[in-house]
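For reference, the structure discussed in these notes is given below.
The values are calculated or read from the model by the stated rules, or taken from the named source; none is laboratory data. Here the structure is a predicted model, which is why all the values come from computation and not from measurement. We place every Cβ from the backbone using ideal geometry, glycine too, and count neighbours over all the protein chains shown.
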Amino acid sequence: MHRDITLGEGLELYRQKVSILKKGYVQESYRVANLIRSPLATKSMRQVSSPDIASYRDLRLAQTNPHTGRQISASTVRLEMSLLSHVFDIGRIEWGVCDSNPVTNVRKPKTPPGRDRRLLPREERLILRYCHNHPTHELYSLVVLALETAMRQGELLQLEWENINLRNRIAHLPDTKNGSKRDVPLSLKAREMLIRLGVKNKGRVFSYTSNGLKSAWRIMLNRLGIEDLHFHDLRHEACSRLFELGTLDVMEIAAISGHKSLAMLKRYTHLKATKLVKKLEGNRHRGQQVVVNHLVPYPAIVKETGVGFEVRVLDIKEVTGEGRTRTFALRQAQDALLRHLMIALRDKRDVPVPDQYLEAVNEDDIIMLDPLSTTGEPAFN
């Protein structure tokens, strides 16, 4: 080639000859298009200097994303700088259109800490109920499979029926993000989510496209009032839950999730403090732990009925209390909650974790009802 070309022309050439061969072609195409629109793209590749790259970096970090209204993240700018660096390397070595790589000596923005967003119990209930009632029945299976298998969004959407063995409960992924194939074990719940879709001999399991799922996810979060939750966070949640089982070691979890770097896997997993508390205690006071873990305060609301007061525990519909005075109604509800929890413990039935109620309630109206309170007022705000 050996002629002068602009950075914009170099980026377009890179997209046609290099990006097209990558798994992340679509995402990288967006990145290339954004770089081509920048003033930097009009310069000759030979003329672009390190100060030019530094100015571009600072300009991008000061901009906001027009779609989200949020400031451009350091991660986005790091990815763009890495792309530019590779374009200059290819331009220097293979095309002969520049003499050096001006990106090499420019500081990249500091890597932000990895996301540690965990799915809250109430959010999970809201999402699963919404997806279960969604007209597209695939959405429910997609969300549950993501939580059960730790598969990436792209891996789920590319699942093929011919690669699923329901008898042995294995989903074979012939082509993954990191370029290697892997077999994902399916829990009974994951198997059930596939069966409910209607098993076929071949073809794609899900009809959703990446953009279609992204749109459905965004609409759902807006309607449910859930903020800052990405579909990819379900993979993070699934990996964390695998660790919290306490029955799998790091290598086994890596085999399931497909992480090649154990450091990367560590970034995805944030053990819940409640699980660590149980490990700290070990087998000491085990019976006491079980009882104490059940007998915790639950959110409730108190309403005047005209003839007195009514108390409702939001997470457990059948637990209520009534009385002519507020204090009496609270005592009734407290006794009912204690009785309900102890019977559930005796019968080995699960009880909901507090704060999973689905109805819309003014937070100012909520009190916390303590089944073990011995004070005159068995509740606190």
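Within the stretch 238-253, if we keep just the residues that are in a helix (DSSP H, G or I) and among the acidic types (Asp, Glu), the residue that is nearest to Leu120 (Cα to Cα) turns out to be Glu244.
Here Ile164 clears all of (1) on the phi < 0 side of the Ramachandran plot; (2) within 20 Å of the chain's Cα centre (by Cα); (3) of a type in the set (A, V, I, L, M); (4) surrounded by 15 or more Cβ atoms within 10 Å (Cβ to Cβ) except the condition numbered (2). Can you tell me which residue among Val311, Val292 is among the β-branched types (Val, Ile, Thr) and modelled with pLDDT under 75? None of the others qualify; the one that does is Val292. Could you say whether any residue in the stretch 68-88 is in the same structural domain as Glu12 (by TED's automatic domain parsing), of a type in the set (Val, Ile, Thr) and assigned to a loop (DSSP other than H, G, I, E, B)? Yes, the conditions are met somewhere in the stretch 68-88.
Taking Ile219 as the residue in question, decide whether it is surrounded by fewer than 17 Cβ atoms within 10 Å (Cβ to Cβ), within 19 Å of the chain's Cα centre (by Cα), β-branched (Val, Ile, Thr) and more than 17 Å from Leu157 (Cβ to Cβ). Here the answer is yes, as Ile219 does meet what is asked.
Yes/no per residue for (1) farther than 20 Å from Leu242 by Cβ; (2) touching a Phe, Trp or Tyr at 6+ places or on another chain (Cβ under 8 Å); (3) surrounded by fewer than 19 Cβ atoms within 10 Å (Cβ to Cβ):
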| site | (1), (2), (3) |
| --- | --- |
| Ser100 | yes, yes, yes |
| Thr104 | yes, no, yes |
| Arg115 | no, no, yes |
| Arg125 | yes, no, yes |
| Arg129 | yes, no, yes |
| His134 | yes, yes, yes |
| Tyr140 | yes, no, no |
| Met151 | no, no, no |
| Leu156 | no, yes, no |
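When we screen Val97, Val184, Val144, Val106 for residues that are among the aliphatic types (A, V, I, L, M) and in a helix (DSSP H, G or I), the only hit is Val144.
Please tell me if Tyr30 is outside the structural domain of Glu155 (by TED's automatic domain parsing), exposed (fewer than 12 other Cβ atoms within 10 Å of the Cβ) and part of a helix (DSSP H, G or I). Here the answer is yes, as Tyr30 does meet what is asked.
With respect to Arg70, determine if the residue is under 26 Å from the mean Cα position of the chain (by Cα) and within 27 Å of Pro113 (Cα to Cα). Outline the logic, then answer.
Details: under 26 Å from the mean Cα position of the chain (by Cα): yes; within 27 Å of Pro113 (Cα to Cα): yes.
Yes; evaluated as a whole, the condition is true for this residue.
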